[in-house]
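Here's the structure we're looking at; comments come further down.
FYI, it's all coordinate maths here, none of it is from the lab. Just so it is clear, the model here is predicted, and its values are computed rather than measured. Glycine also receives a Cβ, built like all others from the backbone with ideal geometry; neighbour counts cover every protein chain displayed.
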Amino acid sequence: MLKRLPGYGLGWAPNRRIVAIGVGLACLLALAAAAAIFTGHGNRPHAAPPVPPPEHGSASPTAQPSSASGPVAGPPRISDPVEFAKAAAKMLWSYDTRTTSQAQQLTGMEAWMTKESEYGDWASVSAQIPDPVLWSRMADQKQHATATISEGHYPAAFKQALSEDPAAITKAYIYAVTVTGKQTITWTKGGGGAEDRSITLAVQCRPSADCSLVAIAPRVAP
């Protein structure tokens, strides 16, 4: 009997704790709170509706997108952490196996990452998509998904720590943002399903620079 396929972005993250955002953040109060979020504290994300077994036989309206990164939408050129995180969540929850290979999906996602390697946690981001074999099975079913974003906000722990030491953010300018929305998945012969989604991301937004993605938390922070 064939196994049922879960929806992309909903069940592939490994059951392990993600490392802290970066060694340099450990001594910063506000970012230490963000690091705590990214090492496992908070609520679990919602489970996904499964995809049937294979058969036999928004970014801000004023934001300008960057140069294209292939089939995956490129990161918007904006400096607001919440708006960037909302755009990143929409990117992560949207895909089309009919036109995009697993390698192309990874390449497109990587274009959103910070170029500061001491902070970026690519493993937590790349873990959001399945391996090539499972991606191929999804493609057999012409599986694709779209996303709508409801809201984004700074988690309570991050806001509290930042209010206690506002200057702490000024070393790496990394912000924790929780985003909620809905992912709609469609597959061959009219199949489909939808699920409310939540995710907590770390984004880097240095002054006078576009934001970039740093990491994804294994659990959602309120």
Order of 86-93, 169-176 by packing, highest average Cβ count within 10 Å first? 86-93, 169-176
Would you kindly calculate the mean projected area, averaged across all directions, of the convex hull enclosing the Cα atoms of the stretch 67-141, in square nanometres? 5.2
Å³ per residue enclosed by the Cα convex hull of the stretch 74-222: 106
Two decimals, Cα atoms only, Kirkwood Rh: what is Rg/Rh over the stretch 140-222? 1.13
Return the distance in nm (one decimal) between the two label points of a simple spin-label model at E118 and D210, each offset 7 Å from Cα along Cα→Cβ. 2.4
